[in-house]
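Structure first, then comments.
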């Protein structure tokens with residue numbers, strides 16, 4: 001999966017939850033920065049623990 005696809009899934013979900021345009025832009029920016037800070041393996045572990 002590409003970073004863009006991952007962000008797209010998150011934005012679709014956030015829209016469904018009723019987030020505002022400003023919140024969606026903030027989510028996108030934060031997610032984009034995490035791609036450089038967190039490995040795929042670490043992110044998957046967070047998902048599995050949740």
Would you mind classifying segment 3-49 by shape? Square roots of the alpha carbon gyration tensor eigenvalues, ordered a ≥ b ≥ c; an a/c under 1.5 is rounded, otherwise it is prolate if a/b is larger than b/c and oblate if not.
-> prolate
For the chain, find the longest principal axis of its Cα atoms and tell me its angle to the long axis of helix 21-37, 0 to 90°, nearest 10.
-> 10 degrees
Between the modelled labels at residue 29 and residue 11 (7 Å from Cα along Cα→Cβ) the distance in nm is 1.5 nm
Under a 10 Å cutoff between Cα atoms, tell me which one of 24, 11, 37 has the largest fluctuation in the Gaussian network model of the chain.
-> 37
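Where a number appears in this text, it was derived from the coordinates with a stated rule and is not lab data. For clarity, every value in this text was computed on a predicted model and none was experimentally measured. Positions of Cβ are backbone-derived with ideal geometry, glycine not excepted, and every protein chain shown enters the neighbour counts.
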